[in-house]
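Colleague: This is the structure I want to talk about, given as structure tokens.
The values are calculated or read from the model by the stated rules, or taken from the named source; none is laboratory data. Quick caveat: nothing in here was measured; it's all calculated off a predicted structure. Cβ sites come from the backbone with ideal geometry, for glycine too, and all protein chains shown count toward neighbours.
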Amino acid sequence: MPLFTKSSTLLSLNSHHLDLSKSHLHLQKRISKSLFSTKPMPTSSSRNSAGAFTTIKETVSFEQTIKKSKFIAIAGPISDEPSALSFLSQVRDPRATHNCWAYKVGDQYRTNDDGEPSGTAGKPIYSAIASSGIDRVMVVVIRYFGGIELGTGGLVRAYGGVTAECLRNAPRCFVKSRIPIGVEVSYDLLGAVYHQLQSFGASDIKQDYDTGKDDTTMVTFKVDFDQIESLEDSIKNKCSREIVFYKH
């Protein structure tokens, strides 16, 4: 009989622990859903780091004839790989001899020689992009063969050169990354939190009351990457208690 009682107690404790674990898991799922509802960008090496970057405002082009071959470089702003492939489908010319390209989004990049000797087209296009200091951009260079072979060195200079000229005169803009953040607060602190969010120019502000805790809500928002630390300190000072922040 004592053995049965001990087992029943252990089962009760395990059940209580399981209920707590389920509650914690439920809260984490709600937080994750609120913060990260957008699909993350795929990258080839690492996720694009948060920060500021320079890109181009609009689609631009540059045309040059080299030994009877016509080269047309077309550059456009992109945000991720799908938008790069969409841009490629819009500007490529199926009648051309080659549609070579490269793009760069943070640490992610891809190149394509489209039938030219390996390393003579896509790579010099990418090198010109990297040297320009421009990010989140794609350049497609369309070539109409004119009958004269350029050789390996000639192709590298041609593709890299028209890309550099195309980007040189492109109108640029400076962009700050906005980072998704969440903060779990009690109802009585909402006024103070919202005041600070407005002061720091936060956007996409949303609330989720289904946190699994009484009198508590999850507030999610986006803010400039270089404002995160100051905003967190300001909210903590105004609320005068421990506040937990959740970041992507």
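Colleague: Taking the condition of being out of contact with any helix residue (DSSP H, G or I) (no Cβ under 8 Å at 6 or more places or on another chain) and either surrounded by 14 or more Cβ atoms within 10 Å (Cβ to Cβ) or under 30 Å from residue 218 (Cβ atoms) (or both), how many residues in the range 173-183 meet it?
Modeller: 1
Colleague: Which one of these is surrounded by fewer than 23 Cβ atoms within 10 Å (Cβ to Cβ), touching an Asp or Glu at 6+ places or on another chain (Cβ under 9 Å), part of a strand (DSSP E or B) and of a type outside the set (Val, Ile, Thr): 123, 70?
Modeller: The unique qualifying residue is 70.
Colleague: Also: Exactly one of these conditions fails for residue 174: (1) part of a loop (DSSP other than H, G, I, E, B); (2) under 30 Å from residue 62 (Cα atoms). Give me its number.
Modeller: Unmet for residue 174, out of (1) part of a loop (DSSP other than H, G, I, E, B); (2) under 30 Å from residue 62 (Cα atoms): (1).
Colleague: Those residues that are in contact (Cβ under 8 Å) with a residue 12 or more places away in the chain and either farther than 20 Å from residue 173 by Cα or exposed (fewer than 15 other Cβ atoms within 10 Å of the Cβ) (or both), I need them from the range 74-94; list them, please.
Modeller: Hits for the range 74-94 are 79, 81, 88, 91, 92, 93.
Colleague: Which residue out of 32, 83 is out of contact with any helix residue (DSSP H, G or I) (no Cβ under 8 Å at 6 or more places or on another chain) and modelled with pLDDT under 50?
Modeller: That would be 32, the only listed residue that is out of contact with any helix residue (DSSP H, G or I) (no Cβ under 8 Å at 6 or more places or on another chain) and modelled with pLDDT under 50.
Colleague: Right, something else. For the range 186-248, give me every one of the strands (runs of 3 or more DSSP E) that falls completely inside it and has 1 or more residues that are surrounded by fewer than 11 Cβ atoms within 10 Å (Cβ to Cβ).
Modeller: Counting at least 1 such residues, we get 203-208, 244-247.
Colleague: Residue pairs, Cβ under 8 Å, 6 or more apart or interchain, first in the range 206-230 and in contact (Cβ under 8 Å) with a residue 60 or more places away in the chain and among the aromatic types (Phe, Trp, Tyr), second part of a strand (DSSP E or B) and loosely packed, with under 15 Cβ neighbours inside 10 Å. List them.
Modeller: Correct list of pairs: 225/52; 225/176.
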